[in-house]
Structure formats: structure tokens, C-alpha cells
Amino acid sequence: MNRALKLRKHYFNGYYYILPEIGDRVPVIQDKSKLCYNMAFVMEMLRFRNPTPLSVFHKALVDCKLGPFNIPKNTQVVLHQAGILMNEQYWCEPNQFKPERFLDKHGQFLDTKHSAYIPFSCGRRICPGEQLAITDLFLSLVRFIQLTSSYRIEFYNEHVI
Ligand code: HEM
């Protein structure tokens, strides 16, 4: 299946799950637990095309140790988020857009966060806006799908997703 067809499939899957649960009413935060596929779509979107692939650069203020590495004072430390989010050591077929990886076999959203799922970085400086961003993307996505359900959607550029 080419990429345009796959995108179309995800779009219609999105609508297929929304319709019986909330119809055309405006989505609310509580709908996150009902619309598991749409939540999984948002999570996969942030993994597959992470908006901050190199995270935010840090600098060691003192000599320290990171795992087996000695980090001298003033070293710039870069977390390559995309390298982890797209690594086949942690993800099955990382180059495939598969929201299903965030669902269990019953189609329920997986509550436990994969340790390699770091689109918002990790540790003490992890993005404090993580939950706000995910909720915002979820609400916007669901509303967009509802409002365009009667549109004829075409995807032209197979390389842009
Ligand atoms: C998709 C949306 C977003 C992504 C991918 C994202 C990603 C990130 C990343 C990678 C960092 C760096 C963490 C680090 O230094 O290790 C960060 C920091 C931060 N983010 Fe976000 N962010 C998003 C949305 C938001 C939102 C909606 C807010 C606030 C409403 C926010 C507030 C912040 C703040 C204040 C920091 C600095 C935290 C610190 O330095 O301790 N972000 N974000």
C-alpha cells in the first residue's frame, strides 16, 4: 500500500472510531479514554515526526558522569530524541506509521509509557507541557476529522507526511 493510501486509511479509521462514541459534538478531555485510536494516532505522530528531534541543548555546569561516560564541566549535551524514537532496537518497524503500537490487543490505549518514548525529552528537565500538548493535539485532531468527514481528501505528495 503506498503512503497516500495508508494516510487515507488512518484518516477513515479516525472517523470510524469517533462516530459511534461522540458523533459530531465538540470533543472534551474525557473523550481521551473513549477514542483510543485517536490518542494512539497522536502518540505515533509525535514519535514518527518528532517536532524536537534534537531536544533542547544542555550544558554540564560541573564535572559529572552519565552512565559510563565522564562529562567534563561546560560540555554541551545533546539528546538525540529522533535517534531513539526511530530506533529499531526499541520499536518494531520504526519507519512505519503505526498508531496500533500504542494499543493493546483489545484496542485499548496502553497506559504504561514505553521507556524509549521520549518526544518530550526525559529526566528532570522533561517538558512540563507534555500533557497539555498531547491533549491539545488530540482535541484538534478529533475536531478536524469531524469537520472534514464529508470532504473528499486527497494526498498528493507521498514524501510529505
Ligand atoms: C508537541 C509539543 C511540544 C513538544 C514536542 C515539546 C518538547 C519539549 C522538549 C524536547 C523540551 C526540552 C526538555 C529538556 O530540556 O530536556 C521542552 C521543554 C519545555 N517545554 Fe515543551 N514541548 C511541547 C509543548 C509545550 C507546551 C504546550 C508547553 C507549555 C504550555 C511547553 C513548555 C515547556 C517548558 C517551560 C520547557 C522548559 C523546561 C525546562 O527547561 O525545565 N512545551 N519541551
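The values are calculated or read from the model by the stated rules, or taken from the named source; none is laboratory data. Keep in mind that this is a model prediction, so the values were computed, not measured. Counting neighbours? That spans all protein chains shown, and the Cβs are built from the backbone with ideal geometry, glycine included.
Checking region 101-112 against the condition returns a match, with at least one residue being surrounded by 12 or more Cβ atoms within 10 Å (Cβ to Cβ) and more than 23 Å from Ile29 (Cβ to Cβ).
Under the condition of being away from the ligand (no atom under 16 Å from the Cβ), within 19 Å of Gln108 (Cβ to Cβ), not acidic (Asp, Glu) and not in a loop (DSSP other than H, G, I, E, B), the residues counted in region 13-31 number 9. Filtered by the rule that a residue be within 16 Å of the chain's Cα centre (by Cα) and either closer than 20 Å to Lys105 by Cβ or without any contact (Cβ under 8 Å) to a residue 60 or more places away in the chain (or both), region 34-43 gives Leu35, Cys36, Tyr37, Asn38, Met39, Ala40, Phe41, Met43.
Consider region 115-128 and keep the residues that are over 22 Å from Lys59 (Cα atoms) and either within 15 Å of the ligand (Cβ to nearest atom) or under 12 Å from the mean Cα position of the chain (by Cα) (or both). The one that is surrounded by the fewest Cβ atoms within 10 Å (Cβ to Cβ) is Ala116. Flag set for Val42, criterion: surrounded by 13 or more Cβ atoms within 10 Å (Cβ to Cβ), among the β-branched types (Val, Ile, Thr) and under 30 Å from Gly14 (Cα atoms). For Pro27, state whether it is surrounded by 12 or more Cβ atoms within 10 Å (Cβ to Cβ), closer than 30 Å to Arg143 by Cβ, over 18 Å from the mean Cα position of the chain (by Cα) and at pLDDT 95 or above. Yes; evaluated as a whole, the condition is true for this residue.
Just wondering, is there one or more residues in region 80-102 that are in contact (Cβ under 8 Å) with a residue 60 or more places away in the chain, assigned to a loop (DSSP other than H, G, I, E, B) and on the phi < 0 side of the Ramachandran plot? Yes, the conditions are met somewhere in region 80-102.
On inspection, Leu54 passes the criterion of being surrounded by fewer than 14 Cβ atoms within 10 Å (Cβ to Cβ) and in a loop (DSSP other than H, G, I, E, B). Look at Leu61 and say whether it is of a type in the set (A, V, I, L, M) and touching a residue at least 60 places away in the same chain (Cβ under 8 Å). It is false that Leu61 is of a type in the set (A, V, I, L, M) and touching a residue at least 60 places away in the same chain (Cβ under 8 Å).
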